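Take a look at the structure below.
The values are calculated or read from the model by the stated rules, or taken from the named source; none is laboratory data. From a predicted model like this one, the values you see are computed outputs, not experimental measurements. As a convention, Cβ positions derive from the backbone with ideal geometry for all residues, glycine included, and neighbour counts pool all protein chains shown.
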Amino acid sequence: MASISVPSGAGQGARRATSLRTVLRRVADAAVTPLDVDDVLDVFHPLRRGRDGLQGRIVAITPETAESATVLIKPGRDWAGHVPGQYVRIGVDVDGVRLWRTYSLTHGPRPDRCISITVKAIPGGVVSNHLVHHAQVGRMVQLEQAEGEFVLPQPMPPKLLLVTAGSGITPVIGMLRNLFSRRVPPSTDIVLVHVNQSADTAMFRDELRAHGAAGRITLLERYDDQHGVLDVSDLATLVPDLDERLAYGCGPAGLLDALEGHHAERGLTLHTERFRAHVVAAGAEGEGGTLTLPDGRQVEADGTTPILDVAESAGALMPSGCRMGVCFGCVIPLKSGAVRDLRNGALTVAVPGETGPDGVPVQTCISAAAGDCEIGARR
Amino acid sequence: MTVITKKSENPTAHLTPEDVEQIGIELDAIRQEVLDDRGERDAAYIRRVVAIQRRLELGSRAVLLGSALPPLWVLGTVGLSVAKILENMEIGHNVMHGQWDWMRDPKIHSTTWEWDNASTADGWKHAHNEVHHTYTNIVGKDNDLGYGIMRVDEDQRWHPMFLAQPVWNFINACFFEYGIAAYDLELGRNLRIPKEKRSPEFKAQLSKTLKKIRKQATKDYVVNPALALPLGGFLPALAANFTANLVRNVWSHSVIMCGHFPEGVETFEKKSIPDDETRGQWYLRQMLGSANISGSKAMHVMTGNLSHQIEHHLFPDLPSNRYAEVAPKVEALFEKYDLNYHSASLPQQVGSAWHKVVRLSLPNGWLATTNRSNLVEQTKLLWAMSTKGPKVRRAAAARLQQQERRLAQAA
């Protein structure tokens, strides 16, 4: 076994510092129990280091097109940084309800330590419409650390192909901004095929054109209303040296599926980023589904029986209380799927990766399955 | 109050089963209206209250560092009392009811909240949300009726120990948080069980509660006074914390007494509640079993909006800031169905509740049958009832009630 030698003085000093810190913290916690110091400090400094749960403050909202905007966020001190192309899970309070979504980071690491996301308001999209049209500077948002494998390789390849459609440009703009903000821009030959419905709806159009005009990238703009919907088999014509380029694609599932097929056929490497992996198909009123219990067992649940009863009939130990929706003694997290409130038919939907890491708390005694769903153990 | 089914005039006699179900439908509609509108404004409200409470508590504790100076002591103690009341009433009680769970904020959620009280959140949620709110005012099922130590209903059998209940009620008011903790543990019932036969759940809950009490006491009576030590304020700060807890206890006890104890609030017989009680029937029981306190906005906030006890019992999971808004609609519904919407000022309700506690400390009929001329005999009778065993007691109780009935008939 290898031993690690630490200069003894430094080690002791560090230990003393930690223990003093721990003691102070313990005293402070004891002074404010049942809260802890974090709860109190939250009132004054929600962005401080060491907070339980990373937050950020919106510092600017800039419209990009009529239906999209860039939201600049000052993250808490614990933000660990990111690599351009990665995404962040963000919890936004929309009309008082915390909803979680995932957005690509549209800047490389910035000198002001802020991060940005660019959001396109999709029809019926509660969070995207809120962020683009209603969000206010100064409001807090919840954050998790950046994640994602959709990043450029190091060292950079000589030739690169980027295919994006719609808001699929968002991780790519982050990559490009980062590359071109360097003192010595990379020598990589970059082709960007940027697909949009029309020139008006194209995010970052002018910025990308500027990069194109300066010769930093070869920009191929494709607009459905001018050029028709992009057929991936035309790529070889658009980009003659296609086979020499390492490819990255981001956009709607249809395009990515086609692109993957196309590249696999030619034996080429392609990295893709998908925004919506899971689509919940909520059953019609009264239709049930398969209920996955905290212990992993699956049982059939109809759309009119509370999932508490279904789970208990299956022999699961469930927290329960008044069984009439009053006491909240039965609340557990819905990990995925949809349940319907038997009292008013309201749907609650949990999408892994979107509705928060711990699922959505639901009252099992008045919730029936509305399609397949999975419940977790009480936290 | 006598249970509703034994009254000569049942206040619900004029309602048909269809009426009762219609009441349920109309109350559901009021609830749904709030749910449809619930959002940003409500979230902003509770976050503001939490922020104000935390600043007030921290500020008051900071002031109390200098509590050796009397003006600072007064200022800090008032602030801390208000902060503790806000924390227990408008925040803790309501958060633990799940009123804010819809925000999906883990920091303001019924499953994660712990309050500044001797009782643990878990114990309280069971005893209060499950038992009390489900079985409201059912004699023998709802332990809130007298907390198991008091006689607050004619239909609870009289026992000599109840003679002292005004004193207990006062002591309970002063140390209410410990009363709640004991109540949540069903301490009385569990302590009667031999030690080795007590359930593991009870033992676990007991140890959690003792740990919580230790932490609470350490905060109020050790750490915070110690922080005031450099400015010579250990004892004043300790006294300030004790006073703030006392004020909070007496206040919350008073508010809670007003919710179900005032004269005129109905109680129910266990066997009169059908097993398949409908939503309408449950609503009706909540309507008649609660009483409101009228007053200013500030008073409502300080009671945690339990001044809207009727609305709270009808809709325990609606955000508390909405009770005042739905109250006029609820009151109109009471009027429409000719039911008594029980509402009075705080002094009146507290007085009424205390009146009941004193009145029922005596056997049924004793006060009514006592006048100046028979005072000595009646006192002897009471003495006999208190000392001569259950047989004498029961016989005397029956006789007293008979006499009372005759008196009433004569009048």
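Odds and ends about this structure:
- Check on B:V74, buried (at least 21 other Cβ atoms within 10 Å of the Cβ), more than 14 Å from chain A (Cβ to nearest Cβ), free of Cβ contacts under 8 Å to residues at least 24 places away in the same chain and over 30 Å from A:W100 (Cα atoms): no
- The listed residue being hydrophobic (A, V, I, L, M, F, W, C), over 22 Å from A:P63 (Cβ atoms) and not assigned by TED's automatic domain parsing to the domain that holds A:L208, out of A:V88, A:V127, A:V97: A:V97
- Matching residues in the range A:202-224 - criterion: being surrounded by 12 or more Cβ atoms within 10 Å (Cβ to Cβ) and part of a helix (DSSP H, G or I): A:R205, A:E207, A:L208, A:R209, A:A210, A:H211, A:G212, A:D224
- Candidates B:K356, B:K336, B:K297, filtered to the one that is over 30 Å from A:F328 (Cα atoms), at pLDDT 95 or above and either surrounded by fewer than 21 Cβ atoms within 10 Å (Cβ to Cβ) or out of contact with any Gly (no Cβ under 7 Å at 6 or more places or on another chain) (or both): B:K336
- Evaluation of B:R248 against (1) within 14 Å of another protein chain (Cβ to nearest Cβ); (2) in contact (Cβ under 8 Å) with a residue 24 or more places away in the chain (one fails), failing number: (1)
- Condition met for A:P361 (farther than 22 Å from B:H128 by Cβ, facing chain B (nearest Cβ under 10 Å), buried (at least 18 other Cβ atoms within 10 Å of the Cβ) and modelled with pLDDT of 85 or more): no
- Hits in the range A:368-379 - residues which are within 13 Å of another protein chain (Cβ to nearest Cβ) and touching a Lys or Arg at 6+ places or on another chain (Cβ under 8 Å): A:G376
- Criterion: without any contact (Cβ under 8 Å) to a residue 12 or more places away in the chain, among the basic types (K, R), outside any helix (DSSP H, G or I) and not assigned by TED's automatic domain parsing to the domain that holds B:R157 - qualifying residue of B:R394, B:R399, B:R372: B:R372
- Count of the range B:99-108 residues which are more than 7 Å from chain A (Cβ to nearest Cβ) and part of a helix (DSSP H, G or I): 3
- Of the residues making up the range B:195-238, those that are buried (at least 18 other Cβ atoms within 10 Å of the Cβ) and touching a residue at least 40 places away in the same chain (Cβ under 8 Å) are B:Q205, B:T209, B:K212, B:Q216, B:N224, B:L227, B:A228, B:G233, B:P236, B:A237.
Residue-wise test of (1) outside the structural domain of B:R405 (by TED's automatic domain parsing); (2) touching a Gly at 6+ places or on another chain (Cβ under 6 Å); (3) under 30 Å from B:I273 (Cβ atoms).
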{"site": "B:P17", "(1), (2), (3)": "yes, no, yes"}
{"site": "B:I23", "(1), (2), (3)": "yes, yes, yes"}
{"site": "B:D36", "(1), (2), (3)": "yes, no, no"}
{"site": "B:G39", "(1), (2), (3)": "yes, yes, no"}
{"site": "B:Y45", "(1), (2), (3)": "yes, no, no"}
{"site": "B:V50", "(1), (2), (3)": "yes, no, no"}
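- Residue in the range A:161-171 that is on the phi > 0 side of the Ramachandran plot, assigned by TED's automatic domain parsing to the domain that holds A:A253 and in contact with a strand residue (DSSP E or B) (Cβ under 8 Å, 6 or more places away or on another chain) present: yes
- The listed residues are A:V191, A:V195, and the only one of them that is within 19 Å of A:P157 (Cα to Cα) and within 27 Å of the chain's Cα centre (by Cα) turns out to be A:V191.
- Of all the criteria given as (1) outside any loop (DSSP other than H, G, I, E, B); (2) of a type in the set (A, V, I, L, M); (3) more than 11 Å from every other protein chain (Cβ to nearest Cβ), the one not satisfied by B:V152 is (1).
- Test: residue in the range B:124-131 that is in a loop (DSSP other than H, G, I, E, B) and not assigned by TED's automatic domain parsing to the domain that holds B:L381: no
- Just one of the numbered conditions (1) within 14 Å of chain A (Cβ to nearest Cβ); (2) crowded, with 17+ Cβ neighbours inside 10 Å is not true of B:Y183: (1).
- Test result for B:L86, over 21 Å from A:H45 (Cβ atoms), more than 11 Å from chain A (Cβ to nearest Cβ) and free of Cβ contacts under 8 Å to residues at least 24 places away in the same chain: no
- Residue among B:V223, B:V152 that alone is modelled with pLDDT under 90 and assigned by TED's automatic domain parsing to the domain that holds B:N117: B:V152
- Candidates B:T111, B:T12, filtered to the one that is of a type in the set (S, T, Y), at the interface with another protein chain (Cβ under 8 Å from one of its Cβ atoms) and buried (at least 18 other Cβ atoms within 10 Å of the Cβ): B:T111
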